[in-house]
Structure formats: C-alpha cells, structure tokens
Amino acid sequence: MKKVFTTGQVAKICKVAPRTVSKWFDSGRLRGYRIPGSQDRRIPREHLIKFLKEHGMPLGELEEEGLHKILVIGADKLFIDRIKELLPENDDYKYEFANSGFEAGIQAESFHPDTIIIDMAMGRSDALQIASNLRKKPDYETTLIIALASEDEASPEALSSYGFNEAFKKPFDIALLAERINTLVDEKRANM
C-alpha cells in the first residue's frame, strides 16, 4: 500500500494531466509537501483520498485500500445484522461471509480481509483449523482474527495458541466487539 504519491501518479489516478495536479497543489486545494532542494511535489495518501472525496471524484484503486474489510465466518444472521448496524458499510467497512472452512479459504484469498471473525459455534475443530491455517500464511500475519467462543469454552485466552488475537465469550455485547474493531481501524489508519 502506497503512502505517498508523486504528481504523475496522482494524475494517473485522477485521469488528468500532471500539470493539473501541480495547479491543484500550488493553489492549496491538494495538500502535500515539496522535496527539500527540489520542485518535486509529494501527496500523502490521506490528503489524496480526502481531496478525491471532497470533489466527488472516484477513488479508483484507492477505494479498496481505504476500506476496512471484515470476513465473518459461521455467524448467524442476527449477529451479522447487528455488526453491520454498528459498523455500517457506508463508514468504510466492507463485509464478506463464509459458512464453511472451504468457503472461508476462498473468501480470504480473494477478499484480503483486515479482520476475520470466526464463530466457534460452526464447530470448534473447524474454527481452530481455519485460524491456524490462515496464520501460517504471511499475508495474514497482521490480520486481526477474533473468536466468538461458546459459553462452555474453558479458557478463551488459550485460543491465542491457535492464531486468534482475541476471543469474545458468549453471551457478549456486540457493541464491545464493534468498538474493539473500530479502535484497531483507527490505529491502523493513524499508521498509514
């Protein structure tokens, strides 16, 4: 994921001439900085995204990167509806769903989620297998993997040895889970 763009790269994204981007920059409409000792301009990604949104321009390839993608595996419709209500898609969240380990693998490969929520009610061994398989792949080293553990799960903390970052033991407040995801998204965006 690119953090800083040249005027030429911004021009390609916006489908305009590089000179137009330079004019936006020089007039202060598009924020960024100049390379010391040079006339070259650089535009940080957050300023570019803000500029594109303010002017109703398509985000193109930046759109996917600006979203926080959540893959929900094996959860019931009530949970899915509630989490979508608390983390709406129009607030930069995007969802995909899977009901089996096989489906989860396919969705993870094509969707590249930032957060994966696995409901252990789908079957404890399946859920543990999914989490450990994902953790073995370098693409998912930093992905947040959350377990929705059943009431009879002896020690939700022990799930970390299978690759889960966190476990929420049922019954739990879905708003707390949404708040935790929101916090992680904010931290991630601060580091962009």
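Remarks
- In degrees, nearest ten, helix 174-190 long axis to first principal axis of the chain (Cα): 30
- Our summary of shape: the Cα atoms of the range 1-158 have principal axis extents of 63, 31, 25 Å, ordered from largest down, in whole angstrom.
- In this rough spin-label picture, where each label sits 7 Å from Cα along the Cβ direction, the residue 136-residue 85 distance is 3.9 nm.
- Cα pair count fraction exceeding 17 Å, expressed as % - the range 96-153: 29
- Close amide-amide hydrogen proximity is noted between residue 4 and 45, each under 5 Å apart and 5 or more residues distant or on a separate chain (H modeled in the peptide plane; Pro and chain starts excluded).
- Label separation (residue 97 vs residue 182): 2.3 nm, computed from points 7 Å beyond Cα along the C-beta direction.
- Each residue of the range 21-30 was assigned a 3J(HN,Hα) from its phi angle through the Karplus curve 6.51 cos²θ - 1.76 cosθ + 1.60 (θ = phi - 60°); the sequence is 4, 4, 5, 4, 5, 5, 7, x, 6, 10 Hz, with glycine and proline shown as x.
- In a simple Cβ point-charge model (Lys, Arg +1; Asp, Glu -1; nothing else charged), the chain has a dipole of about 1420 debye relative to its Cα centre.
- Crossing angle, helix 124-135 versus the chain [Cα axis fit, 0-90 degrees, rounded to tens]: 30
- Largest to smallest principal axis extent of the C-alpha atoms in the range 67-190, angstrom: 35, 32, 26
- Hz values of 3J(HN,Hα) by residue in the range 8-16 - Karplus curve (6.51, -1.76, 1.60), Gly and Pro given as x: x, 5, 5, 4, 5, 4, 8, 6, 9
- Across all directions, the average projected area of the convex hull around the alpha carbons of the range 131-182 is 3.8 nm².
- Antiparallel content of DSSP bridges confined to the chain, in %, to 5: 20
- Among the listed pairs 3/170; 12/136; 53/169; 53/84; 84/136, those beyond 32 Å (Cα-Cα): 3/170; 12/136; 53/169
- Sequence ranges 52-59, 142-149, ranked by mean other-Cβ count within 10 angstrom, highest first: 142-149, 52-59
- In this label model, residue 4 and residue 40 are separated by 0.9 nm, measuring between points 7 Å along each Cα→Cβ vector.
Every number in this text was worked out from the coordinates using simple rules, so none of it is lab data. Only a predicted model underlies this, so the values are computations on that prediction, with no experimental measurement involved. We place every Cβ from the backbone using ideal geometry, glycine too, and count neighbours over all the protein chains shown.
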